[in-house]
Amino acid sequence: MERKEKLLEGRYGYFADKGASYVISDWKTPRPWINVISNGTWGLTVSQAGGGYSWLSHSMLNRITRWNQDMIQDRDGKFIFLKDLDDGNVWSLTPQPLKPVYDEYECVHGMGFTTFSTRLNGISSEWTLFVPPGFSSEFWNIAIKNDTYRPRKLSLVTYFEYLLGAFPDWHREFHKLFIRTSYSPADAAIIADSTLWTANIPADPGWNKDWPYTCFFIADRAPNSLTCSKEEFFGQYNDWKDACAWKADKFSNLTGTGFDQIASMRFDIYLKPGESTTIGFCLGAVEKEAGAQVTVPIPEKYTVAVRSRSSELLAETKSVWLQLCERLIVETPDPAVNVLVNYWLKYQTISCRLFGRTAFYQCGGALGFRDQLQDSLIYLTLDPAKTRDQILLHARHQNSDGTVQHWWHPISEEGRLTDISDDLLWLPYLVVEYLKETNDSGILDVVVPYLDKGEGTLYEHCKNALNKVLERRSSRGLALIGEGDWNDGLNAVGPKWKGESVWLSHFLYGILRDFAKTACWGTTGRDPDMAQSYEDKASDLKKAILKNGWDGSWFFRATTDDGKTLGSQSCREGKIFLNAQTWAVINGIVEGDEARKLLSEVEKWLYKDYGVLLFTPAFTEVDRNVGYLTRYSPGIRENGGVYTHAATWAMLAQSIAGNSDKVYDTFQRLSPPLLSNRNADRYKGEPYVTPGNIEGPESPHEGQGAWTWYSGSAGWLYKVIVERLLGVRVENGDLIAKPNIPSDWPGFTMKRLHNGKQFMIYATRIENEKAGSYSIRIEEKS
């Protein structure tokens, strides 16, 4: 298990493989440290302890295995056990559920795979779980070695519980009545179906439809025995340590229906001294033909793969992820920058946010209109066509009046139209970002159907969104907040359409100016009257913001329906809000010295050594006229904690204001590897992915990270590091580099894709010049 390379080693582990994997050497991490592995169809979560779950297409509507959300015990998952047939000792190949005291333990989370390596009782084991591209399944590759000088007789036993439908199956005594299992000797597979699916499908919303899939659990050989009965495995009132499975010589081969369903196979293994063996499994599901009730045969590609191609598929899985991630590679003096940019921020955004849409803290499955649009920014430097696809997908969830669904569920297409006021603006924002990178003005002419009626070009979709927000302005000229803007927790500020949002006004101002430029995108003019109209409206909006949104030292955040001001110096709680300041700088409401002065207030009030607070002070009392964020515990999530998504925008603002030194300073406050290595037991979150939030000063757990993985902060942190810290971005169609890196860095290199071509960017410090002077060389690779 010894590795030559160890990067950013901390108390519980370190980065390896140039940063592409994280090795956990002590499994008792302060919270579950997980991997989210998905290919966009099948997915799984797995922690360093072995907890986790699997799903097909949708983690809430189509959960395959049972799991309980418990960040303290983390004891539910898919498990493998070894039993010594000579002395009766039983241990699990992962720390849970038996918590063996291993002689050696290592968990490696990587791109598309997780591997557990352990040694106990003279037996070494390695269990790799992975999800290959093109399969609606996961594969398990297991290797067992006898490290002793005597023959060993062992039994290997699998265990997981079936759900097969909508999570959570809270009424287990009801839901278990519909699952049916059987065994296929020809495939060495347990087959599982369910005669009820409770997902709310528009064409069939009732509880009178089959689960339209067949689930299979294939082994690469026939088991000696098996059971699908949880009661047979445990016995009444028993737990893991005294389960009947460890006392019996074999299982009864029970399958069927009407009982708590599991998948447990037993394989007897005989190993000579020093001998090794392997065994493979595949857990997956395939869709039945519409209306079909019969079990679908297992496609041959799955049985062939588990028996003869699993090692090849593992190598292919790793290669696919690495090839994607390595389309943009940086080499800087800071290993935290390198591992995050080169691998983990991309992987977190794509595997978790775009493909899986789930993790441990939040089991989602839905697509958020604003959320996954922003996430798709990650593809602009990797595969811009996928950003294009995401834009067009979201445009189909917009009504003809410009309003959009706040979220919708794939599979069911059930969604929610809301009066949250910023969602619709992210469509033109993403279109502008896409055009800046690709100059693909043809996307504006793509005809996309509206959600309610008719169709329009993407250009018309964007105009409808902008015009709807322009309609929603107060008598003072500010954008109205409705049921919330970017901060959903401000849901009581303006439901009567009287409350104003200063942040949304900043955001609208920038998009109006940027979208006006689409009038001359491409070779011919498109809509010069629109361009001038939006420029005029932007000018009026800026005047209104400066007149009615300024509080003397910073900008207000919002006003409520009854005229109360949020984010004012006169407020006892919620005195200063981050977004209202950063976006004033980002979009040029204030510039130069005024911008720097404003950010100095942000630094004074909101900067902490663990990030940048969303606002301060936190609300300590519920305020029904503000919204549910006041109902959170003080200092947690949107109530006065660090909300990492918003905190990344502080890096962007510092760059635009010309505070070069503050860009890297802000990054260091947000960097998960640095936060973890500084004090892993305080921070608690994984060092390799961003958290949704970090608890603030009013929390008894100040500095603790939570809601890791499923956070929009990953894609934004990637964007601001690449474009603002390293300064490599596209302006006016050209690739440029304007670094904001520390003056003691000798420089950096970057490999980056632009317009289908690879470029190398070299930034080298110029000696004997003022601090921060760098020569820049950009070369196209042949």
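Values in this text are rule-based calculations from the coordinates and carry no lab data. Owing to the predicted nature of the structure, the values given are computational and were not obtained by experimental measurement. Please note: Cβ atoms are built from the backbone with ideal geometry, for glycine as well, and neighbour counts cover all protein chains shown.
The mean of 1/r over all pairs of different alpha-carbon atoms in region 651-720, once inverted, gives a Kirkwood hydrodynamic radius of 12.7 Å. Give me the aspartates and glutamates in straight-line cross-link reach of residue 346: C-alpha distance below 13 Å, same-chain residues under 8 apart excluded. Once the sequence-local aspartates and glutamates are set aside, what remains near residue 346 is 326, 375, 383.
Please work out the Cα center distance from region 53-119 to region 126-174, rounded to the nearest Å. First find each Cα centre; the distance between them is then 8 Å. Cα gyration tensor of region 522-674, axes a ≥ b ≥ c as square roots of the eigenvalues: rounded (a/c below 1.5), prolate (a/b > b/c) or oblate? Oblate, since a/c reaches 1.5 and b/c is not below a/b. Straight-distance candidates among the lysines for linking to residue 176, with alpha-carbon spacing under 22 Å and chain neighbours fewer than 8 residues away dropped: 78, 209, 230, 288.
Within the shell of other residues whose beta carbon sits under 12 angstrom from the beta carbon of residue 635, the net charge comes to -3, with Lys and Arg scored +1 and Asp and Glu -1. At an R0 of 22 angstrom, the distance between the Cβ atoms of residue 386 and residue 304 translates into a FRET efficiency of 0.15. A viscosity of 0.890 mPa s and a temperature of 25 °C, combined with the Kirkwood radius over C-alpha pairs in the Stokes-Einstein formula, give the chain a diffusion coefficient of 88 µm²/s. Working ranking of peptides 67-80, 390-403 by packing, defined as the average number of other Cβ atoms within 10 Å per residue, highest first, is 390-403, 67-80. Computed extension gain for residue 153 through residue 440, at 0.36 nm per residue and net of the alpha carbon distance, reaches 96.9 nm. For region 234-311 versus region 554-588, the inter-centroid distance based on Cα atoms is 57 Å.
Below 8 Å between Cα atoms, with a sequence gap of 6+, how large is the relative contact order for the chain in percent?
On the way: 1839 pairs, mean separation 78.5, N = 782.
Relative contact order for the chain comes out at 10 percent.
Against the main long axis of the alpha-carbon atoms of the chain, helix 592-606 sits at an angle near 40°.
Out of the trypsin sites (Lys or Arg not before Pro) in region 513-608, which ones are loop residues according to DSSP with at most 16 other C-beta atoms within 10 Å?
Those that pass, being in a loop and sparsely packed, are 526, 564, 572.
In the neighborhood of residue 706, defined by Cβ-to-Cβ distances under 9 Å, what is the net charge if each Lys or Arg adds +1 and each Asp or Glu adds -1? In short, +2. Pairs of Lys residues in region 512-575 are counted when their Cα atoms are under 23 angstrom apart and they lie 8 or more places apart or on different chains; the count is 10. Looking at region 172-237, the chymotrypsin sites (Phe, Trp or Tyr not before Pro) that sit in a DSSP loop and have at most 12 other Cβ atoms within 10 Å of their own Cβ are 207, 237. Taking the C-alpha atoms only, the angle from helix 502-516 to the longest principal axis of the chain is near 80 degrees. Here the Karplus relation 6.51 cos²θ - 1.76 cosθ + 1.60, evaluated at θ = phi - 60°, turns the backbone of region 224-238 into coupling constants of 6, 6, 7, 8, 10, 9, 5, 5, 5, 5, 9, x, 4, 6, 7 Hz, with x for every Gly and Pro. The charge dipole of the chain, taken about its Cα centre with unit charges on the Cβ atoms of Lys, Arg (+1), Asp and Glu (-1) only, comes to about 560 debye. Dimensions of region 338-480 along the principal axes, based on C-alpha atoms and rounded to the nearest Å, stand at 48, 36, 34, largest first.
When region 546-648 is described by a simple charge dipole with +1 on each Lys and Arg Cβ and -1 on each Asp and Glu Cβ, the residue from 636, 565, 607 located farthest towards its positive end is 636. From its DSSP helices (H runs of at least four residues, each -39,500 (n - 2.57)), the chain gives a residue-normalised ellipticity at 222 nm of -7000 deg cm²/dmol. Check cross-link reach from residue 662 to the lysines: straight Cα distance under 21 Å, and skip same-chain residues fewer than eight apart. The qualifying lysines are 597, 604, 608, 719, 738, 770. Take every Cα-Cα pair in region 25-85 and report what % of them are more than 17 Å apart. For region 25-85, the share of Cα pairs beyond 17 Å comes to 44 percent. Seen against the Cα atoms of the chain and their longest principal axis, helix 660-670 is set at about 30 degrees.
Excluding residue 50 itself, what net charge comes from residues whose Cβ is under 12 Å from its Cβ, given Lys and Arg +1 and Asp and Glu -1?
+1
Kirkwood analysis of region 35-164, using all unique Cα-Cα pairs, places the hydrodynamic radius at 15.4 Å. Ordering 182, 171, 151 by the projection of their Cα atoms onto the charge dipole of region 128-206, which places +1 on the Cβ of Lys and Arg and -1 on the Cβ of Asp and Glu, puts 151 at the extreme positive end. The GluC sites (Glu not before Pro) found in region 275-381 that occupy coil by DSSP, while having at most 14 further C-beta atoms within 10 Å, are 275, 289.
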